[in-house]
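Right, one structure below, let's go through it.
The values are calculated or read from the model by the stated rules, or taken from the named source; none is laboratory data. As the structure is a computational prediction, the values presented were derived from the model and not from experiment. Positions of Cβ are backbone-derived with ideal geometry, glycine not excepted, and every protein chain shown enters the neighbour counts.
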Amino acid sequence: MRIFDPHIHMTSRTTDDYARMAASGVLAVVEPAFWLGQPRTNPGSFTDYFDSLLGWEPYRAAQFGVVHHATIALNPKEANDPRCRPVLDLLPRYLDKDRVVAVGEIGYDSMTPEEDDAFERQLALAVEHDLPALVHTPHRDKARGTRRTLEVVAASGIAPERVAIDHLNEVTIELVHGSGCWAGFSIYPETKMSPPRMVAILRKYGLERMLVNSAADWGVSDPLLTLATAEAMLADGFGEDDVEQVFWRNPIAFYSQSGRLDLTAVTGAAEPTFAGSSIKRGGE
């Protein structure tokens, strides 16, 4: 079984997680830029973070045979902080990088005017840079936030098939289904979806334009919930090709729209060091 996790925050995870994922068939990941938990106080902290997403983290993933790409953006929560908003002017520099396969995560947290502005500006950047967009729907008032998201996407001029609306559930899939956008689901303990609920949604709505991810980060989360969901699909009577579509071909189809997705390194050799550093403490 091959798994491509299209939304996971590996910066927050350990090398043990990479080893477990690789052993379980997770061969490729996309890491969206997101809020790190502690408020950032200046744009310079973002540049170091973005550089890490495009340098150190792909190196670290490759040591375990996992291919790593990223999406870059000012996330919705920090769009409300005036200390962070200058990051919007830095984004074009990063959106031209080879390993950047979408603009994201963008969208809403509290649905403020500042979030409206950042969302609209970053959708425009996605169009300008010919990239897909990965959209975060809010954790609170999710239905209203999803409706507003779809309105902003429609007004932006970006093609809906180049947009993934993430963190959906049984209520919000009704809004996104039929919009032309991709539907994303995070299998995340307690606060988002579970494997049985995800399988029920796939039964009802089908497999086309469905993206299933772990969204594993610094919270209570599990980078192997993609595998658990794949196994739940098989137990429910879905075939191996159905699982391959959801967990491999679908994320490839979405992110390939960037023209930058490169999975050739799945079987390639990893570089021994990055900028002179190794994951082996103390050197070789």
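Could you tell me how many of the residues in segment 173-208 are among the hydroxyl-bearing types (Ser, Thr, Tyr) and within 18 Å of the chain's Cα centre (by Cα)? Quick ask: steps written out before the conclusion?
In the first step, residues of segment 173-208 are kept if they are among the hydroxyl-bearing types (Ser, Thr, Tyr); the result is 179, 186, 188, 191, 194, 205.
Applying the additional criterion that residues be within 18 Å of the chain's Cα centre (by Cα) yields 186, 188, 191, 194.
Counting residues in segment 173-208 that are among the hydroxyl-bearing types (Ser, Thr, Tyr) and within 18 Å of the chain's Cα centre (by Cα) gives 4.
How about segment 119-197: which strands (runs of 3 or more DSSP E) wholly inside it have at least 3 residues that are in contact with an Asp or Glu (Cβ under 8 Å, 6 or more places away or on another chain)? Talk me through it step by step, then tell me what you get.
Working: elements: 133-136, 163-166, 182-186.
Of the strands (runs of 3 or more DSSP E) lying wholly inside segment 119-197, those with at least 3 residues that are in contact with an Asp or Glu (Cβ under 8 Å, 6 or more places away or on another chain) span 133-136, 182-186.
I'd like the residue in segment 162-171 that is over 18 Å from Leu207 (Cβ atoms) and crowded, with 17+ Cβ neighbours inside 10 Å and, out of all such residues, is farthest from the chain's Cα centre (by Cα).
We begin by selecting, within segment 162-171, every residue over 18 Å from Leu207 (Cβ atoms); these are 162-163, 167, 171.
Those left that are additionally crowded, with 17+ Cβ neighbours inside 10 Å: 162-163, 167.
Values: Arg162: 14, Val163: 12, His167: 10 Å.
The qualifying residue farthest from the chain's Cα centre (by Cα) is Arg162.
Looking at segment 209-239, which of the residues that are crowded, with 24+ Cβ neighbours inside 10 Å, small (Gly, Ala, Ser) and not in a helix (DSSP H, G or I) is nearest to the chain's Cα centre (by Cα)?
Among those residues, the one meeting the criterion is Ala215.
Within segment 1-48, how many residues are touching a Gly at 6+ places or on another chain (Cβ under 8 Å), among the small types (Gly, Ala, Ser) and crowded, with 21+ Cβ neighbours inside 10 Å? Walk me through how you get there before you give the answer.
First pass over segment 1-48, keeping only residues touching a Gly at 6+ places or on another chain (Cβ under 8 Å): 1-3, 6-7, 22, 27, 32-33.
Narrowing the set further to residues that are among the small types (Gly, Ala, Ser) leaves 22, 33.
Then drop every residue that is not crowded, with 21+ Cβ neighbours inside 10 Å, which leaves 33.
Matching residues across segment 1-48 total 1.
Which one is surrounded by the most Cβ atoms within 10 Å (Cβ to Cβ) among residues in segment 240-252 that are closer than 23 Å to Glu174 by Cβ and more than 14 Å from the chain's Cα centre (by Cα)?
Selected residue: Val246.
Among what's in segment 65-106 and is touching a Ser or Thr at 6+ places or on another chain (Cβ under 6 Å) and not in a loop (DSSP other than H, G, I, E, B), pick the residue that is surrounded by the most Cβ atoms within 10 Å (Cβ to Cβ). Outline the logic, then answer.
First, pick out the residues of segment 65-106 that are touching a Ser or Thr at 6+ places or on another chain (Cβ under 6 Å): 80, 83, 101-102, 104.
Within this subset, residues satisfying the condition of being not in a loop (DSSP other than H, G, I, E, B) are 80, 101-102, 104.
On the way: Asn80: 15, Val101: 27, Ala102: 31, Gly104: 28.
Going through the qualifying residues, I end up with Ala102.
For segment 81-100, what are the residues that are closer than 24 Å to Gly37 by Cα and either more than 18 Å from the chain's Cα centre (by Cα) or in contact (Cβ under 8 Å) with a residue 60 or more places away in the chain (or both)?
The initial filter retains those residues of segment 81-100 that are closer than 24 Å to Gly37 by Cα, namely 81-91, 94-95, 100.
Asp81, Pro82, Arg83, Cys84, Arg85, Pro86, Val87, Leu88, Asp89, Leu90, Val100 - these are the residues of segment 81-100 that are closer than 24 Å to Gly37 by Cα and either more than 18 Å from the chain's Cα centre (by Cα) or in contact (Cβ under 8 Å) with a residue 60 or more places away in the chain (or both).
Can you work out which of the residues in segment 1-41 that are among the charged types (D, E, K, R) and within 14 Å of the chain's Cα centre (by Cα) is nearest to Ile106 (Cα to Cα)? Quick ask: steps written out before the conclusion?
Going residue by residue through segment 1-41, those that are among the charged types (D, E, K, R) are 2, 5, 13, 16-17, 20, 31, 40.
So of that shortlist, the ones also within 14 Å of the chain's Cα centre (by Cα) come out as 5, 31.
Working: Asp5: 18, Glu31: 13 Å.
Only one residue tops the list, namely Glu31.
Would you confirm whether or not segment 20-34 contains a residue that is closer than 20 Å to Leu95 by Cα, part of a loop (DSSP other than H, G, I, E, B) and hydrophobic (A, V, I, L, M, F, W, C)?
yes
Give me a count of the residues in segment 202-244 that are on the phi > 0 side of the Ramachandran plot and modelled with pLDDT under 95. Write out each step before concluding.
Taking segment 202-244 first, the residues on the phi > 0 side of the Ramachandran plot are 206, 209, 215, 237.
Of the ones still in play, those that are also modelled with pLDDT under 95 are 215.
So the count comes out to 1.
Given the residues Ala70, Ala22, Ala79, Ala62, which is the only one that is in contact with a Leu (Cβ under 7 Å, 6 or more places away or on another chain) and aliphatic (A, V, I, L, M)?
Details: Ala22 fails: in contact with a Leu (Cβ under 7 Å, 6 or more places away or on another chain); Ala79 fails: in contact with a Leu (Cβ under 7 Å, 6 or more places away or on another chain); Ala62 fails: in contact with a Leu (Cβ under 7 Å, 6 or more places away or on another chain).
Answer to the check: Ala70.
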